[in-house]
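Comments concern the structure below.
The values are calculated or read from the model by the stated rules, or taken from the named source; none is laboratory data. Not measured: the values here are computed from a predicted model. Don't worry about glycine lacking a Cβ; one is built from the backbone with ideal geometry, like all the others, and counts go over all protein chains shown.
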Amino acid sequence: MARLYSNENFPFPVVRKLRELGHDVATIQEQGRANESLSDPAVLQLATSQQRAVLTLNRLDFLKLHRQSASHSGIIVCTVDPDFDAQATRIHEAIHECDELTGQLFRVNRTAKG
């Protein structure tokens, strides 16, 4: 399964569900880096140094970083979704079939309810 790194604004219930699905997810909080006001480039560099793809709700900034350089371990940008289990499942499905996350950008959006 994937090695992931959630930034400060990412919901912990989604992290917990991704772990249940077999992913190795580190959080900025658990690594003692919360409240340091790390810049987005610093978060991406930290995740890449640990060979982890970034999980973030900060879509615009991380899309920009990906356009500037694909030299990273992957970026997964998500929309806000209060259904944490469904969000984790969508992330899992988006990356499950992928052999390598390095240099890739994944967009995981909340589905519209009919």
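Taking the stretch 6-27 as the range and being within 18 Å of ARG90 (Cα to Cα) and part of a strand (DSSP E or B) as the test, the residues that pass are SER6, ASP24, VAL25. Selection of the stretch 99-114 for residues being in contact (Cβ under 8 Å) with a residue 12 or more places away in the chain and assigned to a loop (DSSP other than H, G, I, E, B) yields LEU101, THR102, GLY103, GLN104, ASN109, ARG110, THR111. In the stretch 28-36 there is no residue that is of a type in the set (Asp, Glu) and within 21 Å of THR79 (Cα to Cα).
Checking SER49 against (1) under 13 Å from ARG3 (Cα atoms); (2) out of contact with any helix residue (DSSP H, G or I) (no Cβ under 9 Å at 6 or more places or on another chain); (3) surrounded by 13 or more Cβ atoms within 10 Å (Cβ to Cβ): exactly one of these is not met. Which one? Of everything listed in (1) under 13 Å from ARG3 (Cα atoms); (2) out of contact with any helix residue (DSSP H, G or I) (no Cβ under 9 Å at 6 or more places or on another chain); (3) surrounded by 13 or more Cβ atoms within 10 Å (Cβ to Cβ), SER49 misses just condition (3). Considering only residues of the stretch 57-107 that are in contact with a Cys (Cβ under 9 Å, 6 or more places away or on another chain) and modelled with pLDDT of 95 or more, which is surrounded by the most Cβ atoms within 10 Å (Cβ to Cβ)? Result: GLY74. Against the condition surrounded by 16 or more Cβ atoms within 10 Å (Cβ to Cβ), in contact (Cβ under 8 Å) with a residue 12 or more places away in the chain and under 16 Å from THR111 (Cβ atoms), how does ASP40 come out, does it pass? It is false that ASP40 is surrounded by 16 or more Cβ atoms within 10 Å (Cβ to Cβ), in contact (Cβ under 8 Å) with a residue 12 or more places away in the chain and under 16 Å from THR111 (Cβ atoms). Checked against (1) of a type in the set (Gly, Ala, Ser); (2) at pLDDT below 95; (3) under 11 Å from the mean Cα position of the chain (by Cα), GLY32 meets all criteria but (3).
Mind checking which residues of the stretch 46-85 are in a helix (DSSP H, G or I) and in contact (Cβ under 8 Å) with a residue 12 or more places away in the chain?
Going through the stretch 46-85, the residues in a helix (DSSP H, G or I) turn out to be 46-49, 59-68, 84-85.
Selection gives LEU46, ALA47, THR48, ARG59, ASP61, PHE62, LEU63, LEU65, HIS66, PHE84, ASP85.
Taking GLY74 and the conditions (1) in contact with a helix residue (DSSP H, G or I) (Cβ under 7 Å, 6 or more places away or on another chain); (2) within 13 Å of TYR5 (Cβ to Cβ), which numbered condition does it fall short on, given that it satisfies the others? Only one criterion in (1) in contact with a helix residue (DSSP H, G or I) (Cβ under 7 Å, 6 or more places away or on another chain); (2) within 13 Å of TYR5 (Cβ to Cβ) is unmet by GLY74, namely (1). Here GLU30 passes the criteria (1) loosely packed, with under 13 Cβ neighbours inside 10 Å; (2) in a helix (DSSP H, G or I); (3) of a type in the set (Asp, Glu) except the one numbered (2).
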